[in-house]
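> This is the structure, below, for whatever I ask next.
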Amino acid sequence: MTTAAVALELRGISKNFGVTRALDQANLTAHYGSVHGLVGENGAGKSTLIKVLAGIHTPDSGTVRVGGVLHAGLTPRQIEKAGLYFIHQERLLPASFTVGEALFLGHELHRGPFVLRSTQEREARRLLKANFDLELPEGVLIRDLSSAEQQVVQITRALLGKPRVLVFDEPTVALVQHEVTQLQGIVRRLRGSGIAIVYISHYLHEIEALCDTVTVLRNGRNVAQVDPRKVPPEAIAELMVNRAVSDMYPKSHVAPGDSVLRVRGLTKAGAYENIALDLRQGEILGLTGLVGSGVKELVRSLFGLTPVTSGSIEIKGRSQPLRTLAPHRLLRAGLALLPEERRRQGVALDLSVLENTTLAGLSRWRRWGLLSRRKELQETLHQMTQLGIKTAGADAPVRTLSGGNQQKVALAKWLSRHSDIYLLDEPSVGIDIGAKVEIYRLIGQLVEQGAAVLLVSSDLPELLGLSDRILVMHRGHIAGDFVPSATNADQLLACATGAAVQQDTPLGHALPPHD
Amino acid sequence: MHTLPPPFKQRIALLFLRRGAPLAFLLILAVFALTAPNFLSIGNLANVFAQSAILGVLAFGLTIVIIGGGSNVVTGGLDLSLASNLGLCAAVYASLNNAGYGATTSIAATVLTGMAVGAVNGAVVVWLGLPPLLATLASLNLINGLELVLTENTVLPTSSVLLDLLSGGNWLGVPALAWIFTGTGLLLALLLQHSRFGLRLYAVGEYAEAARAAGIPVRSYVFFSYILSGICGALAAFLSAAWFSGSTTGSGELLLSVVAIAFLGVVFSPRVLPSITGTIFATLLVGFLMNGFQLLNISSFWVNGIQGALILLVVAASSMLRASK
């Protein structure tokens, strides 16, 4: 990165929204043929910076140069002309389009007024094969593709425009581990072809594996530019949050008690089979598996959201009739679910912090048969202090809170009900590091207070750091039962991909290749 | 990697939608062919096409708006004012024609009226951001009012060369209305399913954010879809005026059939999307039902019931599909 020319240069970018200063003299320089990481907590100004780049926000001051040419106040289309392309976190492809139609949308191959559909399809297949060795069935629609395949289509779209700079905005959020590895291969290849790449991610190990330089943003300001090969992720994390993250995974030490959730022979045809697990009081039980392994279906079944074919579920010694398994029964039995889709299922975005907090236990705030606003407020303020929820007030709509604080509200809902068995589905996805640590601390507190936690996560370091035991699912079965102190992420992953069966099979013999 | 097949219920829904509709169509044709006298005669088939023309052209307009606004029944594109637009345009044409204005003036003023209604709808939807359901419901009332002012709620009989040509014209044994219906359908099918404009309009309707990211001016596209819909309303007004020899009252009653046809058309597309070709099939399906019932001397009121049942089936099946995503 010392000799290559500068591809993208942002100088002294400031942007205010009302009284909030989102960006304060932020700088970013990216060179051709290198990957430039951009990290920061949520609210640090990353997304504002990207939106300035994409022409969505006009900066109050500062300059943007692409390939040495000064640009100011450009439309998205002109930005593309300048050679700046974006791979967004969400796939911006219409679901009912064919690959060819999606790939060439806005730049269709045409003769006269007519779109040359079959030529587009053929070109699309050729490009995907040549660039990424991806072969898709003929006539396949975007909605039938996996997240990773859609992303490859998205990247191919960007490449059609001959980009000088490619910006990846949280590209791996929807990907599973081996797809992430694939994507990293693609990014490296693009770097090799001389494109400048800006890579934004919450996952610091990706930054470490991929980036040549990293810019750290905090409160809208550049706080450091570091070489991730020399500076460990922990140090980068500390720069981001401006405090030591020495104890990222606060470990609680609780001796597990009786089994509070006992599952035997649980089967849902086509999803998972013969699942047995015990969750004990004061225990954090980790559960992980790739997409399609049955983990998601299992969690939904445990909360009574999808029906079960056979087996038994026992909660605190009481067997639950499978036929009538429904959330409201399990809720009464003391179960709480923190769903993965926080914004859609975890909280009601338009309701206030107070309404969300008290929603799950409304009967507790009754007075003369009506809701007592005073009692509700008391409880909400209590939870706000306990969990450290940052909000403008108990009446603020949850929509206005940051991701981490929304997650805390989702948790507060169950805490105010005094639930004691928690099913946490990806509790830290999309939350910045500082808030993650707080969520981890809260999980630790939960078990200290005698709750039991089933932690479903695809973040392996998180699982290893928090869990007392880890179950790994593969193709609908529990394929491994690990103790975190005696294993590592590679072993968990090998088990999840089916590359290795648990300890009793020696690693490394006859591994079937996975992609 | 191991992927699970989609749940049973959704596979059934998909199968029903993809295969069921064409099968049902053929089945209905077969039943009528066997039971109703003269059903398959050229004269009768041409008659069905001609009778379908008014509903069909209106349904084309609605289809375009649904393509550009998305096919969600509540929040997507919708033009409830189409049938009333027909009424107003027919009234404008009849009044001007009767007042002695030339053919060009009358025709131009009628088309402009249709486009103006479309422009108002489009402007309210695009720039005021009102949901199309409410915006076009409001303009429906407005247009009905204007029509009443113009006609004082009476029938305005009128005749002109154009109307005579439309009602009496006949090429190769096929009535002019049938030609107009097929011609308009094919032209719009080319525009929406094979041109860059059409493809982009689909992108705008399905995923506006993606269209915007691809540099497509989303608002102009949506606005233009309402203009096209207005033009369809005006075109249908000529057909209606030819059919009834003047403007009639109560054209707003066509609305439910038009909505039914446009949503029914979705099942005739392999990707389960609104399309002009699908709407052509749906129009003919309804036309054949109505015609077959007449030939069999069954009350045509039954057709309403069957239309209703079909809408219910289609909407239920497509919402089941949506739930799978």
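The values are calculated or read from the model by the stated rules, or taken from the named source; none is laboratory data. None of these values were measured; they are calculated from a predicted model. Don't worry about glycine lacking a Cβ; one is built from the backbone with ideal geometry, like all the others, and counts go over all protein chains shown.
> Considering only the range A:324-342, state which residues are among the basic types (Lys, Arg) and modelled with pLDDT of 80 or more.
Those that are among the basic types (Lys, Arg) and modelled with pLDDT of 80 or more: A:329, A:332.
> I'd like the residue in the range A:288-305 that is surrounded by fewer than 24 Cβ atoms within 10 Å (Cβ to Cβ) and either part of a loop (DSSP other than H, G, I, E, B) or of a type in the set (Phe, Trp, Tyr) (or both) and, out of all such residues, is farthest from the chain's Cα centre (by Cα).
A:304
> Follow-up. Test residue B:220 against the stated conditions and say whether it is within 30 Å of residue A:104 (Cα to Cα), over 19 Å from the mean Cα position of the chain (by Cα) and either surrounded by fewer than 23 Cβ atoms within 10 Å (Cβ to Cβ) or within 14 Å of another protein chain (Cβ to nearest Cβ) (or both).
Considered against the rule, which asks whether it is within 30 Å of residue A:104 (Cα to Cα), over 19 Å from the mean Cα position of the chain (by Cα) and either surrounded by fewer than 23 Cβ atoms within 10 Å (Cβ to Cβ) or within 14 Å of another protein chain (Cβ to nearest Cβ) (or both), residue B:220 comes out as yes.
> Next up: Residues of the range A:90-147 being more than 10 Å from every other protein chain (Cβ to nearest Cβ), not charged (D, E, K, R) and not in a loop (DSSP other than H, G, I, E, B), which ones?
Once the filter is applied, which keeps residues that are more than 10 Å from every other protein chain (Cβ to nearest Cβ), not charged (D, E, K, R) and not in a loop (DSSP other than H, G, I, E, B), the range A:90-147 yields A:99, A:100, A:103, A:118, A:119, A:124, A:127, A:128, A:130, A:131, A:132, A:147.
> Moving on to the next point. Looking at A:321, A:339, which is the one that is closer than 28 Å to residue A:270 by Cα and surrounded by fewer than 19 Cβ atoms within 10 Å (Cβ to Cβ)?
A:321
> Here's another thing I want to ask about it. Could you figure out which of (1) part of a loop (DSSP other than H, G, I, E, B); (2) within 14 Å of chain B (Cβ to nearest Cβ) isn't true of residue A:428?
The single condition residue A:428 does not satisfy is (2).
> Kindly indicate whether residue B:246 is more than 11 Å from chain A (Cβ to nearest Cβ), crowded, with 24+ Cβ neighbours inside 10 Å and touching a residue at least 60 places away in the same chain (Cβ under 8 Å).
Considered against the rule, which asks whether it is more than 11 Å from chain A (Cβ to nearest Cβ), crowded, with 24+ Cβ neighbours inside 10 Å and touching a residue at least 60 places away in the same chain (Cβ under 8 Å), residue B:246 comes out as no.
> Given (1) within 18 Å of residue A:26 (Cα to Cα); (2) part of a helix (DSSP H, G or I); (3) touching a Phe, Trp or Tyr at 6+ places or on another chain (Cβ under 7 Å), where does residue A:240 come up short, assuming only one miss?
(3)
> Let me ask another. Failed condition for residue B:210, given (1) in contact with a Gly (Cβ under 7 Å, 6 or more places away or on another chain); (2) of a type in the set (A, V, I, L, M, F, W, C); (3) facing chain A (nearest Cβ under 7 Å); (4) part of a helix (DSSP H, G or I), with all others met?
Result: residue B:210 fails condition (1) only.
> Now, a different point. Between A:308, A:291, A:347, which is of a type in the set (A, V, I, L, M) and in contact with a strand residue (DSSP E or B) (Cβ under 8 Å, 6 or more places away or on another chain)?
A:308
> Restricting the search to the range A:445-484, which residues are under 16 Å from residue A:280 (Cβ atoms), over 20 Å from the mean Cα position of the chain (by Cα) and part of a loop (DSSP other than H, G, I, E, B)?
A:449, A:450, A:451, A:468, A:483
> Right, another one. Residue under question is residue A:143, and the condition is that it be surrounded by fewer than 16 Cβ atoms within 10 Å (Cβ to Cβ) and touching a residue at least 24 places away in the same chain (Cβ under 8 Å); does it hold?
Criteria met by residue A:143.
> Here's a follow-up. Are any of the residues in the range A:108-120 farther than 19 Å from residue B:198 by Cβ and of a type in the set (S, T, N, Q)?
Checked the range A:108-120: no residue is farther than 19 Å from residue B:198 by Cβ and of a type in the set (S, T, N, Q).
> Let me ask something else. Give the residue that is nearest to the other protein chains (Cβ to nearest Cβ), with candidates limited to residues of the range A:74-89 that are closer than 18 Å to residue A:104 by Cβ and in a strand (DSSP E or B).
A:86
> Within the range A:59-73, take every residue that is in a loop (DSSP other than H, G, I, E, B) and without any contact (Cβ under 8 Å) to a residue 24 or more places away in the chain and give me the one that is nearest to the other protein chains (Cβ to nearest Cβ).
A:73
> If you don't mind, there's one more thing I want to ask. Determine, yes or no, whether residue A:334 is surrounded by fewer than 18 Cβ atoms within 10 Å (Cβ to Cβ), more than 14 Å from chain B (Cβ to nearest Cβ) and touching a residue at least 40 places away in the same chain (Cβ under 8 Å).
no
> Would you say residue B:277 is assigned to a helix (DSSP H, G or I), surrounded by fewer than 24 Cβ atoms within 10 Å (Cβ to Cβ), hydroxyl-bearing (Ser, Thr, Tyr) and touching a residue at least 12 places away in the same chain (Cβ under 8 Å)?
yes
> Something else: Can you confirm whether the range A:34-51 contains a residue that is touching a Pro at 6+ places or on another chain (Cβ under 8 Å) and part of a helix (DSSP H, G or I)?
no
> While we're looking at this one, here's another question. Just checking, does the range B:287-294 include any residue being within 30 Å of residue B:199 (Cβ to Cβ) and either surrounded by fewer than 23 Cβ atoms within 10 Å (Cβ to Cβ) or touching a residue at least 60 places away in the same chain (Cβ under 8 Å) (or both)?
yes
> Moving on to the next point. Pick from A:112, A:62: which is over 28 Å from the mean Cα position of the chain (by Cα), surrounded by fewer than 19 Cβ atoms within 10 Å (Cβ to Cβ) and within 28 Å of residue B:271 (Cβ to Cβ)?
A:112
Per-residue answers, yes or no, for (1) within 19 Å of the chain's Cα centre (by Cα); (2) within 14 Å of chain A (Cβ to nearest Cβ):
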{"position": "B:199", "(1), (2)": "no, yes"}
{"position": "B:226", "(1), (2)": "yes, no"}
{"position": "B:238", "(1), (2)": "yes, no"}
{"position": "B:260", "(1), (2)": "yes, no"}
{"position": "B:269", "(1), (2)": "yes, yes"}
{"position": "B:275", "(1), (2)": "yes, yes"}
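> Still on this structure, I have one more. Which residue is nearest to the chain's Cα centre (by Cα), if the candidates are limited to the range A:148-184 and must be part of a loop (DSSP other than H, G, I, E, B) and within 11 Å of chain B (Cβ to nearest Cβ)?
Per the stated criteria, the residue is A:176.
> Within the range B:226-240, can one find any residue that is more than 19 Å from residue B:187 (Cβ to Cβ) and free of Cβ contacts under 8 Å to residues at least 24 places away in the same chain?
no
> Going residue by residue through the range A:14-36, is there one that turns out to be of a type outside the set (Ser, Thr, Tyr), within 30 Å of residue B:195 (Cα to Cα) and either more than 14 Å from every other protein chain (Cβ to nearest Cβ) or touching a Ser or Thr at 6+ places or on another chain (Cβ under 7 Å) (or both)?
No, because not a single residue in the range A:14-36 is of a type outside the set (Ser, Thr, Tyr), within 30 Å of residue B:195 (Cα to Cα) and either more than 14 Å from every other protein chain (Cβ to nearest Cβ) or touching a Ser or Thr at 6+ places or on another chain (Cβ under 7 Å) (or both).
> A further question on this structure: Looking at the range A:400-413, which of its residues are closer than 18 Å to residue A:44 by Cα, in contact (Cβ under 8 Å) with a residue 24 or more places away in the chain and in a helix (DSSP H, G or I)?
Of everything in the range A:400-413, those that are closer than 18 Å to residue A:44 by Cα, in contact (Cβ under 8 Å) with a residue 24 or more places away in the chain and in a helix (DSSP H, G or I) turn out to be A:403, A:404, A:405, A:406.
> Related question: Run down B:265, B:205 and say which single residue is within 14 Å of another protein chain (Cβ to nearest Cβ) and surrounded by 22 or more Cβ atoms within 10 Å (Cβ to Cβ).
B:205
> Identify, from the list A:137, A:163, the residue that is buried (at least 19 other Cβ atoms within 10 Å of the Cβ) and either aromatic (Phe, Trp, Tyr) or more than 21 Å from residue A:176 (Cα to Cα) (or both).
A:163
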